[in-house]
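Notes follow the structure.
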Amino acid sequence: MNAQSPLLSVRDLKVWFDIKPKGAMPWTAPEKLKAVDGVDFDLMPGETLGIVGESGCGKSTLARAIMRMVPSEAGTVLWLGDDLLSLNKQGMREHRKEMQMIFQDPLASLNPRMTIGQIVAEPLKTHYPDVSKSEVKTRVREVLDRVGILPNMINRYPHEFSGGQCQRIGIARALILKPQLIICDEPVSALDVSIQAQVINLLMDIQEEMGLSLIFIAHDLSVVKHISTRVMVLYLGNVVEISEAEQLYRAPGHPYTQALISAVPIPDPKAHAENEVMLLDADLPSPLNPPSGCVFRTRCPLARSVCAETKPPLTDRGNAQQVACHVI
Amino acid sequence: MAHVTNVETAEVIKGRSLWQDARARFFRNKAAVVSLVILILVSLFALFGGMLTPWSNEEIDWNLMGDVRTLGGPSFETKHYFGLDPLGRDLFARVVQGTQISLMIGIVGALISVVVGTLYGATAGFIGGRLDNIMMRIVDILMAIPYMFVLILLLVVFGRSIFMLFVGIGLISWLDMARIARGQTLSIKNKEFVEAAIATGVSTPKIIIRHIVPNLLGVVIVYATLLVPSMIMFESFISFLGLGVQEPLTSWGALINEGAGQMRYGTLWMLGFPLFFFLISLFAFFFFGDGLRDALDPKDR
């Protein structure tokens, strides 16, 4: 890592949802569901940060909190020095054109009543209402061409395209404003494997070409390894480990990461049979009532008494690896 | 890159929108198409029927007035195609006039409900939270008031006029629509394309107009076509009670009322002709609505 200043710098971000207990009266205090509970990370320009974790660990909520699509309880999100969480609506609008999002379900993320030309043009028309019609049209054609959709398809509707094509259209919509950051919320989980590779390679090409930063959320570890420079592992709304992608897969620090990595299938039956999968006991605890101290201690093979008392901070372990664990 | 340059100059391919798909499905449904034809014919009758008869709806035919029962029946000789009404006026012209007013009431009622109900429901559903609660409780309260009673009071207090009738219908017709639109909005607002619009920074009114309402329209249109006949029926009921449309204006309900009053004198045509138009139009509206629902229902695809 060089001494560049980060593009995005998230500090102690907390997103808590109010959950009404069953049979609650209107005046009973709601329970707090801690979806994201104190996340810190930096994102450098041109970098890809992979976010992994099992379902329900707060990956998507984290992304939506950065985009201010869900309200945050506490913390700061510094975008080039401005705190996004304290901006007013107008100020936030100005920044929205610098960051875009790609969604999981390609077809559901496109309005079925609009042509793809209208869909891709929408961000441009929203932020630059004065741009002339012909200019909008050329920009839309350019960006569609870039993602590999024939530009003469602009008058077609989303249901006339395949899943992979729809995801490309989603990418085109994200690219038209030439943003600096694209948050990809499981962009390939709904696609089949050969299309996944195409979409990921497209994203990587575009990133290189435009110098974009990506936040890439996924639960497929091999996909994340392929695309990411650094990987952040979330567990129950907490960061348990951030490290360089290579380092994470070679020498995972946190016991949870070790378990995750050991469960990645190896595309060789012999090696796969020899590979020992580290199985975790018990289920994911409820985020309504997370364990005290280290959130992972209830399932950790190395847990000690200190783990129940204090929450382990993220500490530097060399090789650009940060791990939150008392024991390791 | 060679293909790209070709494509740049190639003609832009027309897409098939969901509306076009729905239209194709609609025209495959025979009952619905027949209903559409009937509705068009009834509308043409309402618009241009007056030109087919030399009699106006106000003139009293004094020659036949003395013996309506025997002389006033439907006949081509006297050019009273539908006969005379109890006051000796040409029933054909009266039915034309009644058709105009009944259709107008049905369409205005449905329009009010579509515009007000859809926007109200979409706003409540999309913004949600406390505003949603307040807006929907208002609807609940208005629904809890017995509307027939309110309408009768309105007509008695402010005088019986067609304007008051519109006000009364306008007050009640949008309530159901608001609920339906809200329910649909709740399911649409969590779709990712709405999230994408929020993430892009599209303003809330624009999201409602551009993303929510077009996706509501399928359901709303179907409900509106079924609402037209119920509005007509509603007006007929009010007119049948003698509170609705007043002379010299008339409507299907008022004509049926008049005709029914003369039944025992054997002048059945006075009941039959308005009733015939009333029935075929209502049937046509119902089948048309059914056809639209089948055409717009995504599950059928």
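No value in this document is a laboratory result; all are computed from the given coordinates. Just so you know, these numbers come straight off a predicted model, no measurement behind them. Methodologically, a virtual Cβ is constructed for each residue, glycine included, from the backbone with ideal geometry; neighbour enumeration extends over all protein chains shown.
Some observations on this one:
- Packing-based exposure ordering (other Cβ within 10 Å, fewest first) of B:W174, B:W19: B:W19, B:W174
- Contact order relative to length of chain A, as percent, for alpha carbon pairs under 8 angstrom and 6 or more apart: 19
- Counting DSSP beta bridges with both ends in the protein assembly as shown, the antiparallel % (nearest 5): 65
- Relative intensity, log₁₀ I(q)/I(0), of chain A from a Debye sum that treats every alpha carbon as a point, q = 0.13, 0.15 Å⁻¹: -1.04, -1.29
- Listed by chain and number, the lysines placed with their C-alpha closer than 23 angstrom to that of A:K225 are A:K59, A:K270; residues fewer than eight positions away on the same chain are left out.
- Based on C-alpha pairs under 8 angstrom that are at least 6 apart in sequence, the stretch A:206-289 has a relative contact order of 19 percent.
- Kirkwood radius, chain B, all distinct C-alpha pairs, inverse of mean reciprocal distance: 22.1 Å.
- For chain A, taking a cut-off of 4.7 Å between Cβ atoms, the unpaired cysteines are A:C57, A:C166, A:C184, A:C300, A:C325.
- Note on the stretch A:109-178: the alpha carbon radius of gyration divided by the globular reference 2.2 N^0.38 Å gives 0.98.
- Long pairs among A:K97/B:K206; A:K32/A:K311; A:K32/A:K97; A:K89/A:K133, criterion Cα-Cα beyond 21 Å: A:K32/A:K97; A:K89/A:K133
- Put the Cα centre of the stretch B:82-138 next to the Cα centre of the stretch A:137-192 and the gap is 43 Å.
- Amide hydrogen neighbours beyond the local backbone of A:I51, cut-off 5 Å, H modeled: A:F216, A:I217, A:A218, A:M232
- Ranked list, fewest to most other Cβ atoms within 10 Å of each Cβ, for A:S60, A:S5: A:S5, A:S60
- The protein assembly as shown: Cα Rg divided by the 2.2 N^0.38 Å rule of thumb: 1.32
- Percent of beta bridges antiparallel (DSSP, chain A, rounded to nearest 5): 60
- Bridging of B:K14 to aspartates and glutamates at a Cα separation below 15 Å is possible for A:E160, once same-chain residues fewer than 8 apart are set aside.
- Total charge dipole magnitude, the stretch A:109-178, about the Cα centre, Cβ charges on Lys, Arg, Asp, Glu only, Debye to nearest 20: 0
- Each of A:D130, A:D105, A:D220 has some number of other Cβ atoms within 10 Å of its Cβ, and from fewest to most they run A:D130, A:D220, A:D105.
- Distant alpha-carbon pairs in the stretch B:141-216 (separation over 13 angstrom), percent: 72
- Longest segment of chain B lacking GluC sites (Glu not before Pro) that sit in a DSSP loop with at most 10 other Cβ atoms within 10 Å: B:78-301
- Using a cutoff of 8 angstrom between alpha carbon atoms and counting only pairs six or more residues apart, the relative contact order for the stretch A:109-178 works out to 48 percent.
- Under DSSP loop assignment and at most 14 Cβ neighbours within 10 Å, longest trypsin sites (Lys or Arg not before Pro)-free interval of chain A: A:23-303
- Helical runs (DSSP H, four residues minimum) scored at -39500 (n - 2.57) apiece and divided by the length of chain B put the mean residue ellipticity at 222 nm at -22500 deg cm²/dmol.
- Neighbour net charge for A:L13 - beta-carbon separation under 10 angstrom, K R +1, D E -1: -2
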